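A quick write-up on the structure given underneath.
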């Protein structure tokens with residue numbers, strides 16, 4: 001027999017969005033129960049503890065300027081940040097040729113530099129014209145939504161290296177290929193985060209700072225405050241709407257409430273069983289917004305040996321399979337940790353490899369970037385987010401052509417007592433931890449208004 | 001307590017694919033159980049009986065040349081066909097201007113005719129170069145998959161009416177906008193059905209013939225032959241893989257088998273709960289292939305009055321909301337039935353209307369095509385396929401940009417004892433009843449080979 005609980009609001013998902021919504025509801029004087037499929041909180045934010053007290057994040061980890069919501073929260077919770085290691089030179093690799101540069105402007109052929117410069121300026125300009133609350137209402141929304149970002153790159157970049165740099169932007173920021181989503185989505189998402197440099201950068205960018213002890217400390221501390229309201233290991237089997245409100249069923253719980261906030265990625269929200277079935281326009285949205293593909297690898301060495309070589313640890317290359325790296329060493333300096341991303345097409349290919357093949361492929365890339373010492377790590381930690389049953393892809397969902405203009409209004413629109421949260425529903429910092437928290441605030445405000 | 005059944009193979013879904021697979025397995029000497037969520041068989045093929053013995057189809061209905069699999073089956077089952085009414089002239093409407101023409105070549109501006117002619121020839125030529133077993137292996141697969149069909153139309157058609165004609169092809173054949181899917185998908189699907197004219201045509205085309213008594217007679221007769229093996233009203237709650245095979249759970253049944261054939265659309269297949277969870281490459285495919293949007297309307301009049309006016313009942317118009325019509329009257333002549341399709345963007349908009357608003361919008365279109373008598377039907381029957389919980393869109397899935405090249409190989413690849421059927425997995429007549437049956441044959445053959 002299921003345990004029956006009566007509450008005001010039930011929240012599905014104990015990621016940052018769900019936990020944030022729950023906190024806001026509690027602050028608003030409401031009873032809340034959060035049901036979470038996993039046996040942990042945090043969703044796409046998860047620490048992994050290694051030897052010697054080294055903590056690495058296997059999911060979302062950075063915090064940057066203008067991410068005010070999470071900054072405020074972390075300060076309230078007493079969780080400190082420290083700067084991502086960023087001293088020295090970066091590496092940029094095209095095929096077999098590798099160069100070093102300082103700052104944001106690579107030391108490459110001036111024709112390529114001019115080309116990527118004009119393309120980025122044009123792209124940022126277009127991005128600023130996308131209304132974050134309603135991308136489908138942009139004056140050229142249909143035109144932008146009927147072509148892929150790849151089509152735009154081919155039309156607006158003249159050099160092959162310039163094109164590759166924009167494709168690297170896509171891998172790093174969307175975890176998807178520019179052919180996977182629409183130009184409108186590329187523009188929306190870029191505007192949501194404040195522009196290309198802000199999204200892609202370390203200093204003054206989205207990768208600027210890290211959390212001492214790992215980013216999962218934030219959701220863990222939120223859950224601790226919520227206490228027994230958070231119920232783990234409770235995959236939702238049904239969301240039933242009745243005259244009296246909503247009942248959320250798990251294998252063990254029957255939670256009756258007046259409203260529900262579904263705070264999980266849109267694909268997973270579409271996979272829940274609803275009674276009665278959701279309207280067509282909402283269901284078709286959830287059919288059409290796949291998650292990106294990322295395998296995140298934290299590779300542990302005795303020391304951050306690249307620093308002695310005058311390198312930041314940030315490398316970018318057009319051939320992969322690792323196209324983006326960062327120095328992810330703990331502030332203690334106890335170990336050197338190199339963070340290597342497999343993203344988009346490379347993640348999809350690598351997800352079919354054995355762990356040994358994947359390790360070899362990743363270490364091969366790291367050795368090409370940083371030399372032979374990279375070949376023999378002490379430890380190799382990886383997480384394929386597409387294989388995670390309760391996430392099914394990272395960083396977030398991307399919107400293929402046609403989806404924003406045809407289904408965009410269904411993204412946040414409540415269906416009766418069902419409200420939608422999750423970073424994919426955010427207007428500012430969509431896809432980021434900050435956006436997740438903002439989306440929880442917004443959904444909680446909707447519910448508080450509806451319940452009074 | 002659930003009723004426990006042991007069998008050789010369990011089939012999920014009693015559409016044409018599932019029923020065909022079950023028949024092939026029985027013919028191969030295997031025990032089979034088919035579990036179906038609905039309280040009827042046929043999936044996207046369903047009759048509706050009206051007054052005066054008139055039967056209309058609310059889903060798939062036509063049969064055409066080269067659809068040999070369903071032709072043979074219907075003959076075996078003793079189900080006759082008759083030609084779709086096709087005598088007289090067709091209507092073509094651009095904005096406020098409506099013209100009449102006979103055969104397949106509209107009487108329009110010769111510049112437009114030449115334009116659409118060259119574009120169609122070029123498109124058909126490219127389509128023939130897509131290998132049906134492996135669209136991702138086409139020599140220019142990446143190029144074709146990184147742009148939308150809409151992008152191709154804009155580049156390859158010079159006149160706005162020519163572009164609109166290709167967009168009408170998209171509505172009629174894909175139930176989606178050309179911005180919704182990739183050029184590679186457009187080419188694959190067109191080649192799968194034998195070319196633009198074959199797919200879009202009545203005489204010598206996919207709309208050539210109809211089934212006496214309605215197309216659902218085919219799955220109904222198949223189910224009658226399978227008898228007690230088909231279990232209705234059994235939504236699947238879990239597919240569990242163990243050492244001994246597979247167990248499929250519904251609220252009432254526990255079916256243990258050595259293999260399972262999942263014969264439902266890919267989105268719905270992705271929504272089932274699997275234990276253990278599916279591999280990432282399979283799951284991400286099902287996140288990325290949304291179904292088209294169709295609201296099919298059968299509008300019943302005292303007589304097929306358009307025939308007296310020398311019209312076939314086939315009308316096409318660029319403004320909609322009804323862009324495609326057919327004469328769907330019963331062979332008895334007891335009533336006149338006009339078949340009106342809302343497709344793609346128009347279906348999505350109309351799905352938010354009230355039934356009364358939708359009826360008014362459809363009758364408005366029909367009146368513009370066929371005059372005042374169209375405004376006052378005896379009966380108005382509609383079905384929004386995206387609102388159907390156990391289908392969620394029609395005619396079939398479309399593949400957005402990037403999906404065929406990144407995830408195509410996952411479409412039919414078995415996962416342990418799980419095999420995949422459904423018209424979306426067909427190589428020939430993908431998306432059609434014939435493809436559904438072929439996919440069932442193919443999956444059954446896989447299972448028979450695996451079980452020996």
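The values are calculated or read from the model by the stated rules, or taken from the named source; none is laboratory data. Computed from a predicted structure; not experimentally measured. Using ideal geometry, Cβ is built from the backbone for each residue, glycine included, and neighbour counts are taken over all protein chains shown.
Selection of the range B:281-294 for residues being out of contact with any strand residue (DSSP E or B) (no Cβ under 6 Å at 6 or more places or on another chain) and facing chain A (nearest Cβ under 8 Å) yields B:281, B:283, B:284, B:287, B:288, B:290, B:293.
Has the range A:241-248 got at least one residue that is out of contact with any helix residue (DSSP H, G or I) (no Cβ under 8 Å at 6 or more places or on another chain), closer than 24 Å to residue A:42 by Cβ and either touching a residue at least 12 places away in the same chain (Cβ under 8 Å) or within 14 Å of chain B (Cβ to nearest Cβ) (or both)? Spell out the reasoning first.
Taking the range A:241-248 as the starting set, the residues that turn out to be out of contact with any helix residue (DSSP H, G or I) (no Cβ under 8 Å at 6 or more places or on another chain) are A:241-248.
From the residues that got through so far, the ones that are closer than 24 Å to residue A:42 by Cβ too are A:248.
Narrowing further to those that are either touching a residue at least 12 places away in the same chain (Cβ under 8 Å) or within 14 Å of chain B (Cβ to nearest Cβ) (or both): A:248.
The answer is yes, given that some residue of the range A:241-248 is out of contact with any helix residue (DSSP H, G or I) (no Cβ under 8 Å at 6 or more places or on another chain), closer than 24 Å to residue A:42 by Cβ and either touching a residue at least 12 places away in the same chain (Cβ under 8 Å) or within 14 Å of chain B (Cβ to nearest Cβ) (or both).
Scanning the range A:27-54 for residues that are buried (at least 18 other Cβ atoms within 10 Å of the Cβ) and over 17 Å from residue A:212 (Cα atoms) yields A:30, A:32, A:33, A:34, A:35, A:36, A:37, A:38, A:41, A:43, A:44.
Among residues of the range A:194-214 that are free of Cβ contacts under 8 Å to residues at least 60 places away in the same chain, those with a Cβ under 6 angstrom from a residue that is part of a loop (DSSP other than H, G, I, E, B) and buried (at least 21 other Cβ atoms within 10 Å of the Cβ), sequence gap 6+ or separate chain, pair up as A:199/A:206. Among the listed residues A:368, A:352, A:348, A:307, which satisfies the condition of being closer than 25 Å to residue A:391 by Cα and outside any loop (DSSP other than H, G, I, E, B)? Step by step, each of A:368, A:352, A:348, A:307 is checked, and only A:348 is closer than 25 Å to residue A:391 by Cα and outside any loop (DSSP other than H, G, I, E, B). Screening residue A:336 against (1) more than 29 Å from residue B:283 (Cα to Cα); (2) touching a residue at least 40 places away in the same chain (Cβ under 8 Å) leaves a single unmet condition, (2). Scoring residue A:10 on the criteria (1) out of contact with any helix residue (DSSP H, G or I) (no Cβ under 8 Å at 6 or more places or on another chain); (2) in contact (Cβ under 8 Å) with a residue 24 or more places away in the chain; (3) not in a strand (DSSP E or B) leaves a single failure, condition (3).
If you filter the range A:356-377 down to residues that are surrounded by fewer than 14 Cβ atoms within 10 Å (Cβ to Cβ) and over 19 Å from residue A:317 (Cα atoms), you find that the one that is nearest to the other protein chains (Cβ to nearest Cβ) is A:357. If the condition is being over 18 Å from residue B:247 (Cβ atoms), part of a loop (DSSP other than H, G, I, E, B) and within 9 Å of chain A (Cβ to nearest Cβ), then the range B:262-280 contributes only B:279. Checked against (1) outside the structural domain of residue B:255 (by TED's automatic domain parsing); (2) crowded, with 24+ Cβ neighbours inside 10 Å; (3) over 21 Å from the mean Cα position of the chain (by Cα), residue B:76 meets all criteria but (2).
Residues that are assigned to a helix (DSSP H, G or I) and away from chain B (no Cβ under 14 Å) within the range A:386-440 comprise A:423, A:425, A:433, A:434, A:435, A:436, A:437, A:438, A:439, A:440, listed in sequence order. Among the residues making up the range A:160-189, those that are in contact with a strand residue (DSSP E or B) (Cβ under 8 Å, 6 or more places away or on another chain) and more than 22 Å from residue A:317 (Cβ to Cβ) are A:181, A:182, A:183. Does residue A:428 fit the bill of being surrounded by fewer than 22 Cβ atoms within 10 Å (Cβ to Cβ), in the same structural domain as residue A:246 (by TED's automatic domain parsing), more than 23 Å from residue B:403 (Cβ to Cβ) and more than 12 Å from the chain's Cα centre (by Cα)? In short, yes.
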